[in-house]
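Here the structure is laid out as structure tokens; the discussion comes afterwards.
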Amino acid sequence: MQKWCEQISGEDLADKYQPFWAILFAVKFNGEAIRDDYVRILNTSYLQKVEGRTKRMAWREGTEFHVINLSSFFEVNPEVFIEQWRTGVEMSKQFKYADQMARCQFGTLTSAFDSLHIHSMTYDPPNKKWTDNVTVIPTDRNAILGNDLI
């Protein structure tokens, strides 16, 4: 994941990693491994935030990334969480990043996934049921990367 984040941040990987004796140098990335690492890192981070009150906070279904809205566990407006992700995706599509960490987080999302699914869960105590409202944000990965998909 580190080399991938370096790649999307514009670092010259050949200059950094090419052995002095190599005539040709190429870096290949495993899209499935990048997606798995991305999910694992965000899932672990969000599970820590909610102090393990659920079994998972992030997962993927193929090239769809799913995350549970933190508002499901805290008294926070669900739209705030959704808007932060929406803004990050839009900035990434335009290659305008706030910082290195945002470039890695949202650049990976828009490069490796076709869509972001934010699950805003609400609990109805009288019925003892959870409601799952899903907001889908397309990444436009195919339009941006064309044949260079990972």
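Residues in segment 90-107 that are loosely packed, with under 14 Cβ neighbours inside 10 Å and among the acidic types (Asp, Glu): 99 only.
For residue 115, the test of being under 23 Å from residue 29 (Cα atoms) and polar (S, T, N, Q) is passed. Among residues belonging to segment 47-80 that are modelled with pLDDT of 90 or more, in contact with a strand residue (DSSP E or B) (Cβ under 6 Å, 6 or more places away or on another chain) and not aliphatic (A, V, I, L, M), point out the one that is nearest to residue 131 (Cα to Cα). If we take residues in segment 47-80 being modelled with pLDDT of 90 or more, in contact with a strand residue (DSSP E or B) (Cβ under 6 Å, 6 or more places away or on another chain) and not aliphatic (A, V, I, L, M), then 69 is nearest to residue 131 (Cα to Cα). Candidates in segment 99-143 are the residues that are touching a Ser or Thr at 6+ places or on another chain (Cβ under 9 Å) and at pLDDT below 75; of these, the one that is nearest to residue 75 (Cα to Cα) is 123.
Only one of the numbered conditions (1) under 14 Å from the mean Cα position of the chain (by Cα); (2) not in a helix (DSSP H, G or I) is violated by residue 122, and that is (1). Can residue 89 be described as aliphatic (A, V, I, L, M), in contact with a strand residue (DSSP E or B) (Cβ under 7 Å, 6 or more places away or on another chain) and either under 15 Å from residue 114 (Cβ atoms) or assigned to a helix (DSSP H, G or I) (or both)? Considered against the rule, which asks whether it is aliphatic (A, V, I, L, M), in contact with a strand residue (DSSP E or B) (Cβ under 7 Å, 6 or more places away or on another chain) and either under 15 Å from residue 114 (Cβ atoms) or assigned to a helix (DSSP H, G or I) (or both), residue 89 comes out as yes.
Which is farther than 26 Å from residue 55 by Cα and hydrophobic (A, V, I, L, M, F, W, C), of 73, 95?
Values: 73 fails: farther than 26 Å from residue 55 by Cα.
Selected residue: 95, the only one of 73, 95 that is farther than 26 Å from residue 55 by Cα and hydrophobic (A, V, I, L, M, F, W, C).
Sort out which residues of segment 106-132 are of a type outside the set (Ser, Thr, Tyr) and touching a residue at least 40 places away in the same chain (Cβ under 8 Å), and write them in order of number. Before you say what the answer is, go through the steps one by one.
In the first step, residues of segment 106-132 are kept if they are of a type outside the set (Ser, Thr, Tyr); the result is 106-107, 109, 112-114, 116-119, 121, 124-130, 132.
Result: 107, 109, 112, 113, 114, 116, 117, 118, 119, 121.
Against the definition (surrounded by 19 or more Cβ atoms within 10 Å (Cβ to Cβ), over 21 Å from residue 150 (Cβ atoms), out of contact with any Leu (no Cβ under 7 Å at 6 or more places or on another chain) and not β-branched (Val, Ile, Thr)), how does residue 69 come out, yes or no? When the stated conditions are applied, residue 69 passes them.
The values are calculated or read from the model by the stated rules, or taken from the named source; none is laboratory data. Bear in mind that the values here come from a model prediction, so they are computed numbers and not experimental data. Every residue, glycine among them, receives a Cβ derived from its backbone with ideal geometry; neighbour counts consider all protein chains shown.
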